[in-house]
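Visitor: This is the structure I have questions about; it appears just below.
The values are calculated or read from the model by the stated rules, or taken from the named source; none is laboratory data. Note that the structure is predicted; figures quoted are calculated from it, not measured. Using ideal geometry, Cβ is built from the backbone for each residue, glycine included, and neighbour counts are taken over all protein chains shown.
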Amino acid sequence: MARRFDAGYYISEGVHSIFTHGFMSFAAVCMIVACLIIMGSFSLLAVNLDNMLGDLENENEMVVYIDDSLTQDQARALQPNLAQVDNVSQLTFVTKEAAVTDFKAKRQEIADVLNDLPSDAFQDRYRVHVVDIERMAQTKAALEQVEGVSEVQAAIEIADGFVMVRNIATGVAMVLIGILLVVSLFIIANTIKLATFYRREEIAIMKMCGATDGFIEWPFVVEGMILGLTGALIAFFVQWGLYQLVAKLAVQGNGLSLVTMISYSSMATTILAVFCGVGAVIGVGGSLLAIRKFLQV
Amino acid sequence: MVRFIDVHKEYDNGTKALKGVNVRIDDGEFVFLVGPSGSGKSTLIKLITAEIAPTEGRVMVNGFNLNTITPRQVPLMRRTLGIIFQDFRLIEKKTVYENLAFSMRAIGASNRELRRRIPYVLQLVGLDKKGDRFPGQLSGGEQQRVAIARALVNNPSMIIADEPTGNLDPQRSLEIMMLLERINELGTTVLVVTHEKNLVNRFTKRVVAIENGRIMSDGTGGYYNGEKI
Ligand SMILES: Nc1ncnc2c1ncn2[C@@H]1O[C@H](COP(=O)(O)OP(=O)(O)OP(=O)(O)O)[C@@H](O)[C@H]1O
Ligand SMILES: [Mg+2]
């Protein structure tokens, strides 16, 4: 007899099975939705936090003061030496004159007092950005070793604070996501086990007739996949609603718009793809977990 | 074709169900397998269907060596068999027609093949008017006919029936045996397990008698419980 991959049959059997034990299917979908939303919320929080931290990190620059004994030309010549230091991403030379002008510009209210501020009061300096703020302390120490550098100013504590917040958020998110994934997997596995229990007589008959394991497994895999994808789709839209709500509250909560949120629609495709991917993996994984054992007859 | 060579079967709990069975059933034969309860009849059937594996000895079924068969080949071997049980094992929520269709689809038959084969098989077992009934709407004898039709629908080379008449009255039982005899005449090998001495003796067929895990007698014309009738 012909051996064909009858997708229509597997899908109709899978869908049928979902409805014959509707409550368990409903529970499984709810669980996937909950799992994905919690996972999504943490991820979105992390993404936004990362985005905001990125902005703040960019502003978090070090200032390398050059020894007064060096002429401006000599100070300029230091650039390659400084650039060689590990973790340095961007170097901007600022002459003492430019520093004064900048200083004055930022303090317009007291411009009169500052008017006769001698440019000698300032040192030539470099503004330095780093690649990785986690290693800011080492970079600072290394820069201080460079000949001609008198002092390095860096807000190490602030940098460390950023790093810690981000690490904690990532860690908590990872653990929670891991736990939820395992829980969802087991819920799906139980749903599918129930489905196989409902159909144990039919399965026995199929085996007796000489149905292949694949033929018997496919409807359950399809069922798990449909449950997973349904959950993913629902979660996507619920997540959208939640995100808009939070975004609205965040804007209302700070008139200064210190908090800037990435728009959901700009991430929608990625979110949908990730949700569907995770949903399908949970669904299919749960099915395989459930049917692996009983097929060994 | 079935061939058992010095087959032993010991279950996990230590029960020795078969103790050195040698049996050969050729294509086209009709064989009764008889013996008291617990003698090992169902064990022998389950060895043929590869539900269990022998502890010792060789088992050949329709060209498959069950000692070396791979899990992937087991379904292919089962397609050469049509299996019938005492308790019918029909799907209650499917009609007669759907029960047969289910079995055909299980091995990948197309809708065209279904439409061609099912009416023929239903007519063969005398149920051509009852295809759209549910099993619950049929008598026991009729339900067993459906089970026979299902066993036949994939055109096996051998029918194996484990106590097919255990739940039926003598008249229905005789009708079922006569149906199996007719199927055999159409070319299918038939192996029937039964307790029912009177029924066996209504036919002149080969009778293999098993007792306490050993073949006690094997011959044509009504050997039963060691005594010739
Ligand atoms: N799964 C099993 N595990 C352990 N022992 C078993 C198992 N199946 C059968 N037996 C034992 O093996 C022996 C043979 O059993 P079998 O079912 O083959 O007998 P039978 O001839 O079919 O009997 P009956 O006519 O009552 O159906 C019996 O002693 C039985 O208790
Ligand atoms: Mg038995």
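Visitor: May I ask you to say which residue of B:Ile176, B:Ile215, B:Ile183, B:Ile148 is within 19 Å of the chain's Cα centre (by Cα), surrounded by 18 or more Cβ atoms within 10 Å (Cβ to Cβ) and outside any helix (DSSP H, G or I)?
Guide: Details: B:Ile176 fails: outside any helix (DSSP H, G or I); B:Ile183 fails: outside any helix (DSSP H, G or I); B:Ile148 fails: outside any helix (DSSP H, G or I).
When all the criteria are applied, what remains is B:Ile215.
Visitor: Would you pick out the residues in the stretch A:159-216 that are farther than 27 Å from B:Met77 by Cβ and among the basic types (Lys, Arg)?
Guide: A:Arg166, A:Lys193
Visitor: Moving on. Kindly establish whether B:Pro156 is surrounded by fewer than 21 Cβ atoms within 10 Å (Cβ to Cβ) and assigned to a loop (DSSP other than H, G, I, E, B). Quick ask: steps written out before the conclusion?
Guide: Values: surrounded by fewer than 21 Cβ atoms within 10 Å (Cβ to Cβ): yes; assigned to a loop (DSSP other than H, G, I, E, B): yes.
Considered against the rule, which asks whether it is surrounded by fewer than 21 Cβ atoms within 10 Å (Cβ to Cβ) and assigned to a loop (DSSP other than H, G, I, E, B), B:Pro156 comes out as yes.
Visitor: Restricting to the stretch B:20-30, give me the number of residues that are under 26 Å from B:Gly166 (Cα atoms) and either within 15 Å of ligand 1 (Cβ to nearest atom) or within 14 Å of another protein chain (Cβ to nearest Cβ) (or both).
Guide: Residues in the stretch B:20-30 being under 26 Å from B:Gly166 (Cα atoms) and either within 15 Å of ligand 1 (Cβ to nearest atom) or within 14 Å of another protein chain (Cβ to nearest Cβ) (or both): 2 in total.
Visitor: Does the stretch B:60-83 contain any residue that is more than 8 Å from every other protein chain (Cβ to nearest Cβ), in contact with a helix residue (DSSP H, G or I) (Cβ under 7 Å, 6 or more places away or on another chain) and free of Cβ contacts under 8 Å to residues at least 40 places away in the same chain?
Guide: Among the residues of the stretch B:60-83, at least one is more than 8 Å from every other protein chain (Cβ to nearest Cβ), in contact with a helix residue (DSSP H, G or I) (Cβ under 7 Å, 6 or more places away or on another chain) and free of Cβ contacts under 8 Å to residues at least 40 places away in the same chain, which makes the answer yes.
Visitor: Separate question: With the requirement that a residue be out of contact with any Ser or Thr (no Cβ under 8 Å at 6 or more places or on another chain) and closer than 20 Å to A:Val131 by Cβ, what does the stretch A:79-101 give you?
Guide: A:Gln79, A:Pro80, A:Asn81, A:Leu82, A:Ala83, A:Gln84, A:Ser89, A:Gln90, A:Leu91, A:Thr92, A:Phe93
Visitor: State all residues of the stretch A:122-142 that are within 14 Å of A:Thr92 (Cα to Cα) and outside any loop (DSSP other than H, G, I, E, B); if no residue qualifies, say none.
Guide: A:Arg125, A:Tyr126, A:Arg127, A:Val128, A:His129, A:Val130
Visitor: B:Phe4 - would you say it is within 16 Å of ligand 2 (Cβ to nearest atom), surrounded by 21 or more Cβ atoms within 10 Å (Cβ to Cβ), of a type in the set (Phe, Trp, Tyr) and more than 12 Å from every other protein chain (Cβ to nearest Cβ)? Let's see the steps before the verdict.
Guide: On the way: within 16 Å of ligand 2 (Cβ to nearest atom): no; surrounded by 21 or more Cβ atoms within 10 Å (Cβ to Cβ): yes; of a type in the set (Phe, Trp, Tyr): yes; more than 12 Å from every other protein chain (Cβ to nearest Cβ): yes.
Considered against the rule, which asks whether it is within 16 Å of ligand 2 (Cβ to nearest atom), surrounded by 21 or more Cβ atoms within 10 Å (Cβ to Cβ), of a type in the set (Phe, Trp, Tyr) and more than 12 Å from every other protein chain (Cβ to nearest Cβ), B:Phe4 comes out as no.
Visitor: Would it be correct to say that B:Phe102 is surrounded by 16 or more Cβ atoms within 10 Å (Cβ to Cβ), within 14 Å of chain A (Cβ to nearest Cβ) and in contact (Cβ under 8 Å) with a residue 60 or more places away in the chain? It would help to see each step written out before you state the result.
Guide: Details: surrounded by 16 or more Cβ atoms within 10 Å (Cβ to Cβ): yes; within 14 Å of chain A (Cβ to nearest Cβ): yes; in contact (Cβ under 8 Å) with a residue 60 or more places away in the chain: no.
No: the conditions fail for B:Phe102.
Visitor: What pairs can you find where one residue is in the stretch A:37-51 and outside the structural domain of A:Phe275 (by TED's automatic domain parsing), the other is among the hydrophobic types (A, V, I, L, M, F, W, C) and part of a helix (DSSP H, G or I), and their Cβ atoms are less than 7 Å apart, with a gap of 6+ or different chains?
Guide: none
Visitor: May I pose another question? Looking at the stretch B:153-187 only, could you name the residues that are away from ligand 1 (no atom under 16 Å from the Cβ), in contact (Cβ under 8 Å) with a residue 40 or more places away in the chain, over 17 Å from B:Leu127 (Cβ atoms) and away from chain A (no Cβ under 14 Å)?
Guide: Result: B:Glu181, B:Asn184, B:Gly187.
Visitor: Can I ask one more? Quick one: B:Ala209 ticks every box in (1) surrounded by fewer than 21 Cβ atoms within 10 Å (Cβ to Cβ); (2) of a type in the set (Gly, Ala, Ser); (3) within 13 Å of ligand 1 (Cβ to nearest atom) except a single one, so which number is it?
Guide: Condition (1) is where B:Ala209 drops out.
Visitor: Taking into account only those residues within the stretch A:201-256 that are closer than 28 Å to A:Phe26 by Cβ and of a type in the set (Asp, Glu), which is surrounded by the fewest Cβ atoms within 10 Å (Cβ to Cβ)?
Guide: Looking at the filtered set, the residue picked out is A:Glu201.
Every residue, every condition in (1) modelled with pLDDT of 85 or more; (2) under 30 Å from A:Phe42 (Cα atoms); (3) within 14 Å of chain B (Cβ to nearest Cβ), yes or no:
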site	(1), (2), (3)
A:Val175	yes, yes, no
A:Ile187	no, yes, no
A:Leu194	no, no, no
A:Met208	yes, no, yes
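Visitor: Here is a follow-up. Which condition number does B:Pro36 fail, the rest of (1) more than 14 Å from chain A (Cβ to nearest Cβ); (2) part of a loop (DSSP other than H, G, I, E, B); (3) more than 8 Å from ligand 1 (Cβ to nearest atom) being met?
Guide: (3)
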